[in-house]
Amino acid sequence: MKGRGFILAALLVAGGAISARAQRVLAFTDVSADTAVQRTGPNRAYFQHFYAGYSPLVGSSQAGAPIKYGSTGEIILGWRQKWRFSQQLAVGADLQTVRLHANLRQTDAKVVPNSLRHERESLSWQQVQLGGFVRLNVGHRGNVIGRYLDVGGWGGWAFATTHAFRDEPAAGPVKVLKVTEHGLSYAQRWQYGLSARVGSSRYALVVRRRFSSLYMGREADAWPDLPRYSAGLEVGLL
């Protein structure tokens, strides 16, 4: 009995010593890392993400440059950085690639880029753009994007321009003729404009207004421009 009592007492003493040591280690542990303020996130001081969108051109097209609505528009893929100043105010910057693709309707009045009629015809400007915006946040939120309104501007350079058409000759050895012209001398390389976004979480309705002409040289005065407004949907790739 004495032996069993001695063993039980030894176990109790050992357990108490281990518990006391564990408490001392916890008491002297630096917990500042657990309570550090997080500065990155959807509603933190800094946030960045990729995004993609498509915005068809809207507004009336002129007779000399008739377009096919819906398939004529801007395909956008970009990266966005946001800096938050308060719960209501933030600013940001965009780096994006934009492909403006215009499918032309074939009519007797068409003059852009010439009066020839084809089975299919298109013009495109492949651009890299920089943009900036001011964001007004709406309502209270946790660490989420929430609802917002962005107003900003953009400018960019078209590093590739193309004119493509397709014909199906009624006679001859060729059944389908496809031609693509690159480096168009009449295409304006530098573009700029304004933009606005109304968004909630990952999704936003986007309206863009181009102020620059799509053409340069004498064509800028002689040819009718494409519609300068586009409106569409943007999705954040978080």
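Data for the structure
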{"item": "Top-ranked residue in segment 72-87 [being without any contact (Cβ under 8 Å) to a residue 40 or more places away in the chain and not in a strand (DSSP E or B); ranked as least open to solvent (accessible area, probe 1.4 Å)]", "result": "S86"}
{"item": "Qualifying residue in segment 103-120 (condition: part of a strand (DSSP E or B), at pLDDT 95 or above and among the acidic types (D, E))", "result": "no"}
{"item": "Single residue of D150, D167 found to be without any contact (Cβ under 8 Å) to a residue 60 or more places away in the chain, out of contact with any Pro (no Cβ under 7 Å at 6 or more places or on another chain), surrounded by 15 or more Cβ atoms within 10 Å (Cβ to Cβ) and over 25 Å from G236 (Cα atoms)", "result": "D167"}
{"item": "Single residue of V174, V206 found to be surrounded by 15 or more Cβ atoms within 10 Å (Cβ to Cβ), closer than 24 Å to L104 by Cα and among the hydrophobic types (A, V, I, L, M, F, W, C)", "result": "V206"}
{"item": "Odd one out for Y69, checked against (1) at pLDDT 95 or above; (2) crowded, with 17+ Cβ neighbours inside 10 Å", "result": "(2)"}
{"item": "Odd one out for S195 among (1) open to solvent by 70 Å² or more (accessible area, probe 1.4 Å); (2) assigned to a strand (DSSP E or B); (3) hydroxyl-bearing (S, T, Y)", "result": "(1)"}
{"item": "Meets criteria (surrounded by 14 or more Cβ atoms within 10 Å (Cβ to Cβ), among the polar types (S, T, N, Q) and not in a strand (DSSP E or B)) for S212", "result": "yes"}
{"item": "Residue under evaluation A90, criteria (1) in contact with a Ser or Thr (Cβ under 9 Å, 6 or more places away or on another chain); (2) surrounded by 17 or more Cβ atoms within 10 Å (Cβ to Cβ); (3) small (G, A, S); (4) at pLDDT 95 or above, criterion not met", "result": "(1)"}
{"item": "Subset of segment 111-128 that is in contact with a Gly (Cβ under 7 Å, 6 or more places away or on another chain) and surrounded by 20 or more Cβ atoms within 10 Å (Cβ to Cβ) - its residue that is nearest to Q191 (Cα to Cα)", "result": "Q127"}
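The values are calculated or read from the model by the stated rules, or taken from the named source; none is laboratory data. Since the structure is predicted, the reported quantities are computational estimates derived from the model, not experimental observations. Glycine also receives a Cβ, built like all others from the backbone with ideal geometry; neighbour counts cover every protein chain displayed. Surface accessibility is based on the protein's heavy atoms, side chains included, excluding ligands, DNA and RNA. Shrake-Rupley method; radii C 1.70, N 1.55, O 1.52, S 1.80 Å.
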